[in-house]
Amino acid sequence: MTLRTIKLAGTQTSDASMTILWDGAEVVTGTVTPTAADADGATIIASWTYEDGGATEITEHTLSITIDSGSTCTGPLWFSAEGIHSDDLTLGAPAISEDSSYAGAGYWVPGATGPFGDDDNLATASFDRSNILINGVAPVLEADQTTSGTADAPTWLGWFFFMGAGDTMTCTARAPAKWVSQT
């Protein structure tokens, strides 16, 4: 058993306070204090730790985010990983973030690389969140919006969802195995 850190990305935070449940246990409650923003305005709006059982595959967890006051756009999840970003797989993995990332170094980047997919096929990748519901309803693509997956079954890779006071997002969080560098 090891402790893992999860970071929740967000944008457009306005006097927000939230409560986050991970596998039914409260892990975050209180005022959102965003980190420094990246070029697109994304920040880390919450982080927490959990005990990882040492699985070698993706594990699924329940995640619930309730906005208690204010508003924010909630986004992707970043999961801690030991190692560094490198094309040399004995040192790291291309899907592990570098220091330049707003999430910081040593976190799995959600996408079609590393443990989430086969490095080039977004249609078959296993992303950081699935089964997303906001106030009990699945998000719907507008006519001019696109995402990976299909219009009937979008994957929502990298999407941020606006949530105001009283809104709750529930989803399945898909934690990749904790990668450890080879020596």
> Inside region 1-23, can you point out the residues that are in a loop (DSSP other than H, G, I, E, B) and not aliphatic (A, V, I, L, M)?
Replying inline: Asp23
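Given region 24-87, what strands (runs of 3 or more DSSP E) lie entirely inside it while holding 3 or more residues that are crowded, with 16+ Cβ neighbours inside 10 Å and either more than 14 Å from the chain's Cα centre (by Cα) or of a type in the set (Ser, Thr, Tyr) (or both)?
Values: elements: 25-31, 43-52, 59-80.
In region 24-87, the matching strands (runs of 3 or more DSSP E) lie at 43-52, 59-80.
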> Can you find a residue in region 8-16 that is surrounded by 17 or more Cβ atoms within 10 Å (Cβ to Cβ), more than 24 Å from Pro176 (Cα to Cα) and touching a Pro at 6+ places or on another chain (Cβ under 7 Å)?
Replying inline: yes
> Which of the residues spanning region 32-81 are under 23 Å from Ile132 (Cα atoms) and of a type in the set (S, T, N, Q)?
Replying inline: Thr43, Ser47, Thr49, Thr59, Thr62, Ser64, Thr66, Ser69, Ser71, Thr72, Thr74, Ser80
>> Quick test for you: out of Thr183, Thr172, pick the one residue that is at pLDDT below 65 and among the β-branched types (Val, Ile, Thr).
In response: Thr183
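Residues Leu3, Leu8: which one is over 23 Å from Ile134 (Cα atoms) and touching a residue at least 24 places away in the same chain (Cβ under 8 Å)? Explain how you work it out, then say what you get.
On the way: Leu8 fails: over 23 Å from Ile134 (Cα atoms).
Checking each option against the conditions leaves just Leu3.
The values are calculated or read from the model by the stated rules, or taken from the named source; none is laboratory data. Fair warning: this is a prediction, and the values are worked out from it, not measured in the lab. Counting neighbours? That spans all protein chains shown, and the Cβs are built from the backbone with ideal geometry, glycine included.
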